[in-house]
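Okay, structure first, notes after.
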Amino acid sequence: MAFSQLTWRESLRDIEVCLTSNQSKLFHMGLSGVPARATLSDALNQRDWRIYHALAMRLIVRARGLYSKDSTGLELDATVYALDSTTIDLCLSLFDWAPFRSTKAAVKMHTLLDLRGAIPAFIHISDGKMGDVKVLDILPIEAGAFYVMDRGYLDFARLFKLHQAGAFFVTRAKRGMNARRVYSTKTDRTAGVICDQVISLNGFYVSKDYPEHLRRVRYKDPESGKTLVFLSNNTALPPLTIAALYKSRWQVELFFKWIKQHLRIKKFLGTSENAVKTQIWCAVSTYVLIAIVKKELQLDASLYTLLQILSVSVFEKTEISCALRPDAPAPRIVITDNQLSLFTI
């Protein structure tokens, strides 16, 4: 499955044919023989997807340890997470176990991304009907960390549980939010901060859901000219840092875009729920493996560049550290009289 992710194979038959044509090199990939298409199909449909989930989580722990000292660019010592989800569309007639709309099936990939290294710290795969905000009920909470999310996760009862766990959140307020100002802090409007306030929620039920004060920062983006209103339970950070935290949420969108463009999670090799989840977790494992290799070998190339190099050198016997250094000097080839040269270098 990692081979299919790295080399962009289209089907199980495609995987079998490509491996068969390179039988002499399979030993170096850890394969004793060519797996038959039926064997791959049985593994996808019958081997529990939780095996690959456990593998991905072990790799994630290792990767996060390697990137733990990287800077997030926010001048914060705390861990910063970006929370969001992406929808993977499916055909309803083939994936009837994942109904989404009357004519469409889908699964959702709820992801908590650690901004140090853009490593997913938590992933939950659900059907398309699961609301984004419900993932807060199963999200592992780390005290002292920052959780950045859009206003689709604005549920005051769930946010208060996150607050009680000792974590901080930054999100956007919805229009028409019923709240009153308790006091205001002096701000620098030339920097784009219109107001920095401590507020209390009005309304009988919502005040029960979040009985403590909240911080509201109104910020005008100098680039787009839009006015954004942020909510947070952190009262110590400067208002511009709150705005920068929310802006960093965009990294999780880039993560979704990367894996959808460069890995196989939009076209599936099997139609069962087990096959879909297995393929998604194998794709996540492949992404994290590339991130681990990049860090351990101290490579400056991007993940995209490393993926492209691996896709054409997966059968080579060259050491991986040499294959992944495109800027390394190539060995000089001695041309003899018996070998004709096409090009003069």
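The values are calculated or read from the model by the stated rules, or taken from the named source; none is laboratory data. As the structure is a computational prediction, the values presented were derived from the model and not from experiment. As a convention, Cβ positions derive from the backbone with ideal geometry for all residues, glycine included, and neighbour counts pool all protein chains shown.
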Among all residue pairs at least 6 apart or on different chains, which show Cβ distances below 8 Å where the first residue, located in region 277-298, is at negative phi and surrounded by fewer than 21 Cβ atoms within 10 Å (Cβ to Cβ) and the second is part of a helix (DSSP H, G or I) and among the basic types (Lys, Arg)?
-> 292/62
Restricting the search to region 79-98, which residues are of a type outside the set (S, T, N, Q) and surrounded by 16 or more Cβ atoms within 10 Å (Cβ to Cβ)?
-> 80, 81, 82, 83, 84, 88, 90, 92, 95, 98
Does residue 2 count as within 19 Å of the chain's Cα centre (by Cα), surrounded by 12 or more Cβ atoms within 10 Å (Cβ to Cβ) and among the hydrophobic types (A, V, I, L, M, F, W, C)?
-> yes
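Name every residue in region 256-272 that is touching a strand residue (DSSP E or B) at 6+ places or on another chain (Cβ under 7 Å) and part of a loop (DSSP other than H, G, I, E, B), in order of residue number. I'd like the intermediate steps shown before the answer.
Kept after step one, since they are touching a strand residue (DSSP E or B) at 6+ places or on another chain (Cβ under 7 Å), are these residues of region 256-272: 256, 265-266.
Hits for region 256-272 are 265, 266.
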Top-ranked residue in region 198-231 [being part of a helix (DSSP H, G or I) and loosely packed, with under 11 Cβ neighbours inside 10 Å; ranked as modelled with the highest pLDDT] | 205
By residue number, the members of region 143-197 that are charged (D, E, K, R) and exposed (fewer than 13 other Cβ atoms within 10 Å of the Cβ) are 174, 175, 180, 181, 186, 188, 189
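So, restricting to strands (runs of 3 or more DSSP E) that lie completely within region 91-159, which ones have at least 2 residues that are closer than 26 Å to residue 269 by Cβ? Spell out how you get there, then give the answer.
Values: elements: 99-101, 104-114, 119-127, 146-149.
Per the criteria, 99-101, 104-114, 119-127.
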Within region 238-254, is there a residue that is assigned to a loop (DSSP other than H, G, I, E, B), surrounded by 21 or more Cβ atoms within 10 Å (Cβ to Cβ) and touching a helix residue (DSSP H, G or I) at 6+ places or on another chain (Cβ under 7 Å)?
-> no
Residues of region 52-70 classified as free of Cβ contacts under 8 Å to residues at least 60 places away in the same chain and either in contact with a Cys (Cβ under 8 Å, 6 or more places away or on another chain) or crowded, with 16+ Cβ neighbours inside 10 Å (or both), total = 2
